Ligand code: PXP
């Protein structure tokens, strides 16, 4: 049965809109866990637009499931990860001007030393990449433990024939990740409608979902929003 990672960045986005103390991401993490989250995911960005260092520090002490830190492969972030020791680090690309993570990470030889250093610190390393077979083979070569396949393109497509083609690309990519003995994860742009098609593939071990859960929570409350998504991914 697949796990649900709930990304709580946008609870912090709302707090940062007033630079105040509410809503509290730590409280969101606890509610998410009580309602089926198997993991709490956060992205500490260089510009600190939502999650702050203090969130990471407190969440490390309070999260009862697993903590997944999304981060850029920079010396600053590697140092922070080694201090905090999340259960998993997901390496992502990061651009200051982007609204959200655009596209997967273009892995290169330099990522090998980052992966090695994090693994030496006892942290599982996942890489967030496009459903690209060559990139998946390279991820294996440089020591990644898991691959999170970027589902953003699938989520944005409108034409059925293009959606079907992208789903097939994602499926082939997921099969290669599994065959390569890495954990296979999906994330980005997933919501209460488009996640079903991925669940039908019966191949993903984890989904990381943020924006749609937090958006729904505005109307239903976070407990129900998490519970409903958990029901979808375990159906
Ligand atoms: N996975 C990764 C690696 C991400 O960078 C993000 C966005 O922060 C997500 C999943 C969640 O995406 P969304 O907020 O669109 O559900």
Discussion item. Go through region 1-54 and report how many residues are outside any strand (DSSP E or B), under 18 Å from residue 213 (Cβ atoms) and either without any contact (Cβ under 8 Å) to a residue 60 or more places away in the chain or within 15 Å of the ligand (Cβ to nearest atom) (or both).
Written reply: 23
Discussion item. Can you find a residue that is in contact with a helix residue (DSSP H, G or I) (Cβ under 9 Å, 6 or more places away or on another chain), closer than 12 Å to residue 6 by Cα and modelled with pLDDT of 95 or more anywhere in region 42-62?
Written reply: yes
Worksheet item: Only one residue in 158, 197, 178 is assigned to a loop (DSSP other than H, G, I, E, B), more than 14 Å from the ligand (Cβ to nearest atom) and modelled with pLDDT of 95 or more, so which one is that?
Response: 158
Worksheet entry | Test: residue 78 is touching a residue at least 40 places away in the same chain (Cβ under 8 Å) and in contact with a helix residue (DSSP H, G or I) (Cβ under 7 Å, 6 or more places away or on another chain) | yes
Discussion item. Among the residues of region 219-233, are any in a loop (DSSP other than H, G, I, E, B), modelled with pLDDT of 95 or more, away from the ligand (no atom under 12 Å from the Cβ) and under 15 Å from the mean Cα position of the chain (by Cα)?
Written reply: no
Fill in: Considering residues of region 125-139 that are touching a residue at least 24 places away in the same chain (Cβ under 8 Å) and more than 23 Å from residue 66 (Cα to Cα) only, the residue surrounded by the most Cβ atoms within 10 Å (Cβ to Cβ)
136
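The values are calculated or read from the model by the stated rules, or taken from the named source; none is laboratory data. What you are looking at is a predicted structure, and each value in this text was computed from that prediction instead of being measured. Glycine also receives a Cβ, built like all others from the backbone with ideal geometry; neighbour counts cover every protein chain displayed.
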